[in-house]
Amino acid sequence: MAVIMMPNIAYAFKNKSKSTAYNNKAVTIAEQIGRYGCFILIIFNIPYTYFNS
């Protein structure tokens with residue numbers, strides 16, 4: 001996971017003082033829904049969405 005996050009970490013260190021380039025409320029809400037959706041799907045298993053091998 002740390003290797004995958006390296007570009008994000010490097011960007012954050014490089015651009016410390018910059019704020020977000022946009023303030024689009026719809027995009028922000030969609031991002032939060034996606035973020036919490038990922039958390040929920042990691043914790044809870046949805047039946048019949050996986051293969052038994």
## Note on the structure
With -39,500 (n - 2.57) per DSSP H segment of 4 or more residues and division by the full residue count of the chain, the 222 nm estimate, nearest 500 deg cm²/dmol, is -20000 deg cm²/dmol
### Query
Roughly how tilted is helix 2-14, in degrees to the nearest 10 and between 0 and 90, from the longest Cα axis of the chain?
20
### Task
Specify the angular offset, from 0 to 90 degrees and rounded to the nearest 10, of the alpha carbon long axis of helix 25-43 from the longest principal axis of the alpha carbons in the chain.
40
### Message
If you wrap a convex hull around the alpha carbons of the chain, what volume per residue comes out, as a whole number of Å³?
### Response
130
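Computed from the coordinates by the stated procedures, all read-outs in this text should not be read as laboratory data. Remember, predicted model here, so these are calculated numbers, not experimental data.
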